[in-house]
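Here is the structure we will look at.
We did not get these values from a lab; they are worked out from the coordinates using the rules stated. Bear in mind that the values here come from a model prediction, so they are computed numbers and not experimental data. All Cβ positions, glycine included, derive from the backbone under ideal geometry; neighbour counts span all protein chains shown.
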Amino acid sequence: MTIAAAALAASTPRAEALARLIEIFTACGIEDPRREAGITLSAASGVAPVGLIVAPEAPLGSAASRVEEFAARRVAGEPLSRIVGKREFWGLELAVSPEVLDPRPESETIVETSLRLLGGRRDELLSILDLGVGSGALMCALLVEFTHARGVGVDISTAAADVARRNIEACGAAGRAEIRVGDWTKGLEGPFDLIVSNPPYIPSADLSTLPREVREFDPRLALDGGIDGLDAYRRILPEARPLLGTGAWLMVEIGAGQAADVLAIAKRCGFADARINKDLAGFDRVVAARSP
């Protein structure tokens, strides 16, 4: 079934529209179609999720065409987060745009690792640096958890930096964070207690093999890691090392099969206690390395 085969009218009740979207999304093989149908209907109609529950018989009205548009875009493969312009990360609702990487649950491993290694310092005035800040997802999550910390986020994209600023403000941490436009660590001065990064790490030749929702909708700048996918690590690790205070930590997200190479780079740069951290699916996801 396609959305065109189940056209929605202004008189269509919300409950009926929701049922149709669930059916359409299920037929298209969309994962968790009930959840996605609810989010789609809520965002397109401008009605809070609770409104779909307390007033299921209310008609769609003028929102009918917008619901159809959103559903058609999703069926065509566009990620739901791109359609509605927001994504949940670490329990926070973040704005996303075409200029930023869509933050994904596996990147929360950096936040989890930070809490595990620095959780005993939540009351300290920590200094955090996020290289390639993108939407600001990592910075927002870390500043929410480390309530006395201050952060600096850097991105080479002016448009991405604007998104990060909006998200930092929305999560209530605007007074504790500065977002800069720059080339990795250029112009920065330490020391930092924690440096995090989710850099581009996809080998250039593999970009065309990525799932469509990544290949066509995430910015290439945030994906392309060069010939072997390691270009960013060769910049970040040696440049970050002198910016870290004694005993401070660097944490970088990695791609499949990259753990050994990134650990080797960390060793050459003089880091101590470098380790691999797995995500919830059991995949190597984060390399954490301590400054001696």
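Remark: relative contact order (the chain) = 14 percent; criterion is Cα-Cα distance under 8 angstrom and separation of 6 or more residues.
Net charge of the neighbourhood of residue 279, taken over other residues with C-beta under 15 Å away and scored Lys/Arg +1, Asp/Glu -1, is 0.
Dimensions of segment 21-85 based on its C-alpha atoms, expressed as ranges along the principal axes with the largest first, amount to 29, 19, 18 Å.
If you take every residue apart from residue 120 with its C-beta less than 13 Å away from the C-beta of residue 120, what net charge results, scoring Lys and Arg +1 and Asp and Glu -1?
-1
Look at the alpha carbon pairs under 8 Å that are at least 6 residues apart: their mean separation over the length of segment 3-76 gives a relative contact order of 47 percent. Straight-distance candidates among the lysines for linking to residue 267, with alpha-carbon spacing under 30 Å and chain neighbours fewer than 8 residues away dropped: 186, 278.
A DSSP coil position with no more than 13 other Cβ atoms inside 10 Å describes the following GluC sites (Glu not before Pro) in segment 187-233: 189, 216. Taking only DSSP H segments of four or more residues, each worth -39500 (n - 2.57), what value at 222 nm results for the chain once the sum is divided by all its residues, to the nearest 500 deg cm²/dmol? That comes out to -10500 deg cm²/dmol. Bridge orientation summary for the chain: considering DSSP beta bridges with both residues in this region, about 45 percent are antiparallel. Which listed residue (219, 163, 77) has the Cα farthest towards the positive end of the charge dipole for the chain, taking +1 on Lys and Arg C-beta and -1 on Asp and Glu C-beta about the Cα centre? Towards the positive end, the residue furthest out is 163. When the alpha carbon coordinates of the chain are projected onto the principal axes, the ranges are 66, 42, 33 Å, largest first.
So if I take the centroid of the Cα atoms in segment 35-79 and the same for segment 217-292, what is the distance between those two points in Å? Centre-to-centre distance over Cα atoms comes out at 40 Å. Across segment 100-172, Cα-Cα distances exceeding 18 Å account for 35% of all pairs.
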